[in-house]
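A quick write-up on the structure given underneath.
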Amino acid sequence: MRRQIVAANWKMNLTLQEGEVLVKEICGGMPALAPHNTVVIAPPFTHIAMVSAGIAGKEQVASGAQNCHHEAAGAYTGEVSAAMLNSAGVAYVIIGHSERRQYCGETDAMLAEKVNLALANGLEVIFCCGEPLEVRDEQTQNQYVEAQLKAGLYHLTAEQMKHVVIAYEPIWAIGTGRTASTEQAQDMHAHIRQTLNAAYGDATATATPILYGGSCKPSNAAELFGCADVDGGLIGGASLKAAEFLGIISAMVGK
Ligand code: PEP
């Protein structure tokens, strides 16, 4: 059975103390997960040790990071490397989030390097893709997302792809309250799976989890996760409140 994942992206929110309370509430209220379910919590770098301590002993809950640098080490003040994340016990790293592409000038070439370094350092990659509104309006979203995947990911081997999760996040749905319809989500996820099939064959296409992200909340999670090719979600705003995040986790468990 394909892995199903609900991942929290806290972005630049919550103090250490607020985060600690949230992790306790999430762990305390966690429903029984199915064997193929995983919950990932990706806080700011400063909170990773706290999250790792808070989830200790919870086998299907993993700590994540929101980024890593595209160089292995060196004079990059303020940056954090993939090797550092691995040494801090991080299991997953989000790469290519649209906010980083947009605000931090991350290019396809940089993202491909980040992916290579993350995998070389034993991290699981959550690779984000997704189109802006103008591309959706032109109805060229399939080509746009395919180009992002080819540039950032599809140089990997099938063996490396076993450690990659794709997150489809239409930019017009992130933090806007405007969610993709189930039809829009399923169509894009099926298209992404077709591109995986064309690049790697059926085994990789069938095994790779494809998460949906963009204003996912407890009220729409079950419907979205009910789509055949949606394997969970990458959650921003709704991951900052325990009740909402737990509601989304329950929707994954119920799939
Ligand atoms: C995100 O930024 O990854 C995201 C999905 O945000 P939100 O859930 O707030 O739309």
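The values are calculated or read from the model by the stated rules, or taken from the named source; none is laboratory data. What you see is a predicted model, and the numbers here were worked out from it, not measured in a lab. Neighbour counts are summed over all protein chains in view; Cβ atoms, including those assigned to glycine, are modelled from backbone coordinates with ideal geometry. Remember, those area values only see protein heavy atoms, side chains included, never the ligands or the DNA or RNA. Shrake-Rupley method; radii C 1.70, N 1.55, O 1.52, S 1.80 Å.
Summary table below
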| quantity | calculated |
| --- | --- |
| 5 Å-binned pair-distance histogram of the chain (Cα, whole percent) | 1, 6, 15, 19, 21, 18, 12, 6, 1, 0 |
| Nitroxide proxy distance, nm - points 7 Å out along Cα→Cβ at Q143 and A228 | 2.7 nm |
| V165 accessible area, assembled protein chains, probe 1.4 Å, Å² | 0 Å² |
| Area accessible to solvent at D137, 1.4 Å probe radius, in Å² | 110 Å² |
| DSSP-assigned coil residues among trypsin sites (Lys or Arg not before Pro) in region 37-139, each with at most 14 further Cβ atoms within 10 Å | K58 |
| C104/M1 FRET efficiency (R0 41 Å; Cβ-Cβ; nearest 0.05) | 0.70 |
| Bins of 10 Å from zero: percent of alpha-carbon pairs in region 63-112 | 25, 56, 19 |
| Amide H within-cut-off set for G233, under 5 Å, with H built and near neighbours excluded | I5, V6, A7, Y212 |
| Karplus-derived 3J(HN,Hα), 6.51/-1.76/1.60, for each residue of region 31-47, Hz, glycine and proline x | x, 5, 8, 6, x, 9, 9, 9, 10, 10, 10, 10, x, x, 3, 4, 9 |
| Around E131: net Lys/Arg minus Asp/Glu count, Cβ-Cβ under 12 Å | -3 |
| Helix-only CD estimate at 222 nm, as mean residue ellipticity for the chain, using -39500 (n - 2.57) per DSSP H run (n ≥ 4) | -12500 deg cm²/dmol |
| With DNA, RNA and ligands ignored, accessible area of V90 (1.4 Å probe; Å², nearest 10) | 10 Å² |
| Heavy-atom accessible area per residue - the chain, 1.4 Å, Å² | 42 Å² |
| 3J(HN,Hα) from dihedral phi, region 223-240, Karplus parametrisation 6.51/-1.76/1.60, rounded to Hz, x for glycine, proline | 5, 5, 5, x, 5, 4, 9, 9, 10, x, x, 9, 10, x, x, 6, 8, 8 |
| Relative contact order of the chain, pairs being alpha-carbon contacts under 8 Å that are 6 or more residues apart, as % | 22 percent |
| Cα point-scatterer Debye curve for region 17-79, base-10 log of I(q)/I(0) at q = 0.22 Å⁻¹ | -0.91 |
| Residue-wise HN-Hα coupling along region 2-14, computed from phi with Karplus coefficients 6.51, -1.76, 1.60 (Hz; x: Gly, Pro) | 5, 4, 10, 9, 10, 10, 8, 10, 6, 6, 9, 10, 6 |
